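Q: My questions will all concern the structure given below.
The values are calculated or read from the model by the stated rules, or taken from the named source; none is laboratory data. Source: prediction; values computed, not measured. Here Cβ is always computed from backbone atoms with ideal geometry, including for glycine, and neighbour counts include all displayed protein chains. Note: areas computed on protein heavy atoms with side chains; ligands, DNA, RNA excluded. Shrake-Rupley method; radii C 1.70, N 1.55, O 1.52, S 1.80 Å.
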Amino acid sequence: MSLNLEDKKAVVAEIAAEVAKAQTIVVAEYRGIEVASMTQLRKQARESGVYLRVLKNTLARRAVQDTPFAALADQMVGPLVYGFSEDAVAAAKVLHTFAKKDDKIVIKAGSFDGKVMNAAEVAALASIPSREELLSKLLFVMQAPVSGMARALGALAEKKQAEAA
């Protein structure tokens, strides 16, 4: 089904809005993937806050034009699925994890912080903990001294109580 000019402009505007919010874009080839697998990938992407879309490459190139992701346009060749995420690692993590399970998804490239990344660099980005994971680890580290102090004070109070009795 071909799109008329107005539909194409609407798609480019929608994708440009996602690109404006995104920190990371990851592109992966999906040649030969089954519908059930693609549905599962879309579900995982939604759960992780990743905007996932299959696009015509010319429309994707227009959407990233004049953005920090413009250099990624050279990599937009073939049947590609595009992952856009506000979280720096979410798109890379979702597509990389899914590519491990389904060999029909092949990560081609990505872009983060104005730099184009190859598949190995996208895999390295995917191995970084997400923002939520880092915040929970930080909270645990910050709570450890406080909880240790509370346990020590509790033990001291019990000791004093036992001596008084």
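Q: Specify which of the listed residues (Ala99, Ala70, Ala92, Ala88) is open to solvent by less than 10 Å² (accessible area, probe 1.4 Å) and small (Gly, Ala, Ser). Please lay out each step first, then the result.
A: Numbers: Ala99 fails: open to solvent by less than 10 Å² (accessible area, probe 1.4 Å); Ala70 fails: open to solvent by less than 10 Å² (accessible area, probe 1.4 Å); Ala88 fails: open to solvent by less than 10 Å² (accessible area, probe 1.4 Å).
When all the criteria are applied, what remains is Ala92.
Q: Taking the range 23-37, which residues are in contact (Cβ under 8 Å) with a residue 12 or more places away in the chain, more than 17 Å from Leu59 (Cα to Cα) and of a type outside the set (Phe, Trp, Tyr)?
A: First, the residues of the range 23-37 that are in contact (Cβ under 8 Å) with a residue 12 or more places away in the chain: 23-34, 37.
Filter once more, keeping what is more than 17 Å from Leu59 (Cα to Cα): 23-24, 30-34, 37.
Once the filter is applied, which keeps residues that are in contact (Cβ under 8 Å) with a residue 12 or more places away in the chain, more than 17 Å from Leu59 (Cα to Cα) and of a type outside the set (Phe, Trp, Tyr), the range 23-37 yields Gln23, Thr24, Arg31, Gly32, Ile33, Glu34, Ser37.
Q: Residue check, Ser37 against (1) assigned to a helix (DSSP H, G or I); (2) open to solvent by less than 30 Å² (accessible area, probe 1.4 Å); (3) at pLDDT below 90, all met but one. Which one?
A: (3)
Q: Looking only at the range 54-67, count every residue that is of a type outside the set (S, T, N, Q) and open to solvent by 60 Å² or more (accessible area, probe 1.4 Å) and tell me the total. Lay out the reasoning, then the answer.
A: We begin by selecting, within the range 54-67, every residue of a type outside the set (S, T, N, Q); these are 54-56, 59-64, 66.
With open to solvent by 60 Å² or more (accessible area, probe 1.4 Å) added as a condition, the list becomes 56, 61-62, 66.
Looking only at that region, the number is 4.
Q: Here's something else I'd like to know. Being assigned to a loop (DSSP other than H, G, I, E, B), surrounded by 10 or more Cβ atoms within 10 Å (Cβ to Cβ), touching a strand residue (DSSP E or B) at 6+ places or on another chain (Cβ under 7 Å) and modelled with pLDDT of 80 or more, is that true of even one residue in the range 120-133? Can you show your working first?
A: Residues of the range 120-133 assigned to a loop (DSSP other than H, G, I, E, B): 127-130.
Still in the running and surrounded by 10 or more Cβ atoms within 10 Å (Cβ to Cβ): 127-130.
From the residues that got through so far, the ones that are touching a strand residue (DSSP E or B) at 6+ places or on another chain (Cβ under 7 Å) too are none.
Checked against the condition, which is being assigned to a loop (DSSP other than H, G, I, E, B), surrounded by 10 or more Cβ atoms within 10 Å (Cβ to Cβ), touching a strand residue (DSSP E or B) at 6+ places or on another chain (Cβ under 7 Å) and modelled with pLDDT of 80 or more, the range 120-133 yields no hits at all.
Q: Looking only at the range 14-34, which residues are in a helix (DSSP H, G or I) and either loosely packed, with under 12 Cβ neighbours inside 10 Å or among the charged types (D, E, K, R) (or both)? If you could, list the steps in order and put the result at the bottom.
A: The initial filter retains those residues of the range 14-34 that are in a helix (DSSP H, G or I), namely 14-21.
Once the filter is applied, which keeps residues that are in a helix (DSSP H, G or I) and either loosely packed, with under 12 Cβ neighbours inside 10 Å or among the charged types (D, E, K, R) (or both), the range 14-34 yields Glu14, Glu18, Ala20, Lys21.
Q: If I ask for residues that are free of Cβ contacts under 8 Å to residues at least 40 places away in the same chain and either open to solvent by less than 40 Å² (accessible area, probe 1.4 Å) or assigned to a strand (DSSP E or B) (or both), which ones from the range 73-85 would you list?
A: Within the range 73-85, Ala73 is the sole residue that qualifies.
Q: Continuing with the same structure: I'm trying to understand the selection: among the residues of the range 1-30, which are touching a strand residue (DSSP E or B) at 6+ places or on another chain (Cβ under 6 Å) and among the polar types (S, T, N, Q)? If you could, list the steps in order and put the result at the bottom.
A: Pass one, the range 1-30, residues touching a strand residue (DSSP E or B) at 6+ places or on another chain (Cβ under 6 Å): 18, 22, 24-30.
The answer is Thr24, and nothing else.
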